[in-house]
1. Being more than 22 Å from Arg299 (Cα to Cα), in contact with an Asp or Glu (Cβ under 8 Å, 6 or more places away or on another chain) and hydroxyl-bearing (Ser, Thr, Tyr), is that true of even one residue in segment 110-118?
2. For segment 255-278, enumerate the residues that are within 26 Å of Val513 (Cα to Cα) and either free of Cβ contacts under 8 Å to residues at least 40 places away in the same chain or buried (at least 16 other Cβ atoms within 10 Å of the Cβ) (or both).
3. Do any residues in segment 355-379 that are in the same structural domain as Met450 (by TED's automatic domain parsing) and touching a residue at least 24 places away in the same chain (Cβ under 8 Å) have Cβ atoms under 6 Å from those of residues that are of a type in the set (Asp, Glu) and part of a helix (DSSP H, G or I), where the two are at least six apart or on different chains, and which pairs are they?
4. Taking segment 184-222 as the region of interest, how many residues are closer than 15 Å to Ala147 by Cα and in a helix (DSSP H, G or I)?
5. Mind telling me which of the residues Tyr426, Tyr434, Tyr441, Tyr421 ends up being hydroxyl-bearing (Ser, Thr, Tyr) and in contact with a strand residue (DSSP E or B) (Cβ under 7 Å, 6 or more places away or on another chain)?
6. Tell me yes or no: at least one residue of segment 136-145 is among the hydrophobic types (A, V, I, L, M, F, W, C), modelled with pLDDT of 95 or more and within 16 Å of Lys231 (Cβ to Cβ).
7. Check Asp372, Asp414 and return the single one that is in a loop (DSSP other than H, G, I, E, B), acidic (Asp, Glu) and surrounded by fewer than 16 Cβ atoms within 10 Å (Cβ to Cβ).
8. Could you please give the count of residues in segment 534-559 that are in contact (Cβ under 8 Å) with a residue 24 or more places away in the chain and assigned to a helix (DSSP H, G or I)?
Amino acid sequence: MIIRQIINKGVPVLCALIVLGSCKKEEKKETTPSQEEIAAYSKKMNDWFEETFQEDVAESPMWQAYLGIKTEDYGKWDDISPVKEAKDHEKAQKQLAYLQDSIKVEKLNKETQLSYKLKKENLENEIADYKYRLYNYPVNQMHGMHAELPAFLINMHRVETVKDAEAYIARLHGMKPLFTQLENNLDDREAKGILPPKFVFDKVLDDCRNIIKGVPFDASGEESALYADFKKKIGTLEITEEEKKRLEEEAKKGLLEGVQPAYRHLIVFLEDQQKRATTEDGVWKFPDGTAFYNQALQRTTTTKMTAEEIHALGLSEVARIHDEMRAITKKVGFKGNLQEFFVFMKEDAQFYYPNSAAGKKEYLEQAVALIDTMKSKLDDLFMTKPKADIVVKAVEPFREKSAGKAFYESGTPDGSRPGIYYANLYDMEAMPKYQMEALAYHEGIPGHHMQLSIARELENIPKFRKFGGYTAYIEGWGLYNEFLPKEIGMYSDPYADFGRLAMELWRACRLVVDTGIHAKKWTREEGITYYETNTPNAKSDAVKMVERHIVMASQATAYKIGMNKILELREQAKKQLGAAFDIREFHDVVLTNGALPLTVLEELVLEWVKTKETTS
C-alpha cells in the first residue's frame, strides 16, 4: 500500500524502497513482556471487567437481589424503558471501542485472553442484536413480567429486617409505574408489527387474574399469593405484634394501590391487543423475520448451522432414538409396534402418581431421593463439586398452569439461598414416573445445579463469565447429564431408560419443530401433531412445547446441539488419549471455565488433549 501511494505521487520505486528500508531500520523492536508485566496488565484488564460488571449490577435492582445484594435500591424495580436500552447500547459501543483500541492482547495472560475474547464477542453480538431489540414478546406464557415479578418477590426478595419488609412494600407500589413502561414497550412492538399469536393472550390473562385473587383483593377467601408470602416473611422477624400489624396494613395498601391497578390496567390493555392478534405463529411474520431467525439460531447454538441443517439433524436423531426405543420394547416383551408402546406408556396407570396432594408429595420426595443418591456417585465422575445446596419445590400454584414442565433456578453466590429444582405438578399425567430420573439429573445433579453453582463459585474468572450464559452450553450440559448416569448404571429399569430416551427424543423433535414453525411456516397444530406422533408424551406436553417454540424462537434448538458437541468432544478425547483419558478431568475442562460458546469449548478440550498427549 505504501509503495503504491509513493508511485502514484511520481517517486521512483528505488527511492521508495530506500525510504521503506530506512523506516524499517528506525522501527523499534517489540520486546516480549516479562511475567511481571503480564501479571500487572492482566490485573488491570480484570479490574476493568469487574468495574463494568459492577456498573451493570448497580443499574439493576433486580439483579442485585438475584445476587443476594441489598442496597438502597432494594425496594425498586429495573428500568425497562427504551431510553435505558439506548444507553446500554451506547455503553456497549464504548466498551467495545476500549477493548479494540486500548488493549494489547499479547500482554494478557492466557486466562485473561480468553476473558477478553469472550467479552469482546459478547459486546459485538449485543451491538449487532440492537436492531432486533423489539423482536420478542415481553408478556408471554413462559416468562412474562406479569408472572415473573410475583415469583421474584416470593423467591428472591428476602425479608430479614423491617427495612427489607418496607422495601417489599415499596416494590408492591412500584408495580404500577413499571407496568406503564411495559405497556409502552408492547405498544412499540405492535407498531412494528410484532404482536403475540392469539393463543398467548388467554393464558397470560388467566395468570394476571390469578395474581389479584384472594385477600386483600377479595373480601374473603384464601389469601393471595403475595399477601401470604409477605405475612410469612414478616412472621419470622423478632418484632412486636403491633409492628407486624403495621407492616401487614401497609402491604395491603401496596397490593390494593400498586399491584391491583397495575394488573387491572394490563388486563384491559391485553384484552384490547387480543382483538388484533392472529394465528400466524412463526417469526417469519416479523419484518425481516427470516434474517432475525437465522441470527437467533447462531446466538442460541453458538454455531453457524442453518435452519435447514438443524431440521435435518433433528429428523436423523428422531429416527435413531426410535430404533433404540424399539430395542427396549423387545426387552420388556411388549407385543406391538412403537406407536402402540407410546400409547401404553401414556395410558397405563402404573407409570403415574395420583393427581392428588398425596401423589404430588410422593413425587417430590422421590425426586429428592434421586438427587441424594446421585450425590453419592459424584466422586467417580467429577473433580470439582459445588458447595451450594439444592432443594426441590413444586412450581407455585399461581403460575403452574402456564409454566414449563421443570426448570432450575440458581441460588445466591454466598449460599444464603440454595439452588431450586422446580417440578411442575399441575398435570400429573405430564410428569410420568419413568421420566423422573432424567428430569432430576438434568435440572439438579449432575446437571444445571452443578454446572451453574460451580461457575458462580470459581475464583479465577471475572464475574461476567461466572454469571454469563450460552444456551447451547448450559442446556447441552443438562441433556448430556441425562445420558451420563446411564453409563454408571443409574437408571433403575428398562422403563426408566425408555424415559431417558423419551427425554432425548423430545429434544431431537425440538430441532424439527422449531425450524418447522419459524423457517418452514408450520402451524401450531402441525407442530403439536408432530410431537404427538413421534413421542410418548402427553398432549399437554406437546401443546406447551409448541407454544414455547412460538414465543421463544430458536431457544429449544440448543439442547441437542449442545449435547451432541459435548459427546463428540468426549469421544474425540477418548480416541486420542486412550488409557490416559480421565472423565473427571474432561468434566473439569467443561465446567471450570464458566459458560462458553461451543466453539471455544472445543478449543479448550482440544488444548487439554494436546497437553495430556505431551505429558503422558
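The values are calculated or read from the model by the stated rules, or taken from the named source; none is laboratory data. These numbers were taken from a predicted model, which means no experiment stands behind them. We place every Cβ from the backbone using ideal geometry, glycine too, and count neighbours over all the protein chains shown.
1. no
2. Matches in segment 255-278: Gln274, Ala277.
3. From segment 355-379, the pairs are Leu370/Glu437.
4. 12
5. Unique residue meeting the criteria: Tyr421.
6. Checking segment 136-145: not a single residue is among the hydrophobic types (A, V, I, L, M, F, W, C), modelled with pLDDT of 95 or more and within 16 Å of Lys231 (Cβ to Cβ).
7. Asp414
8. 16
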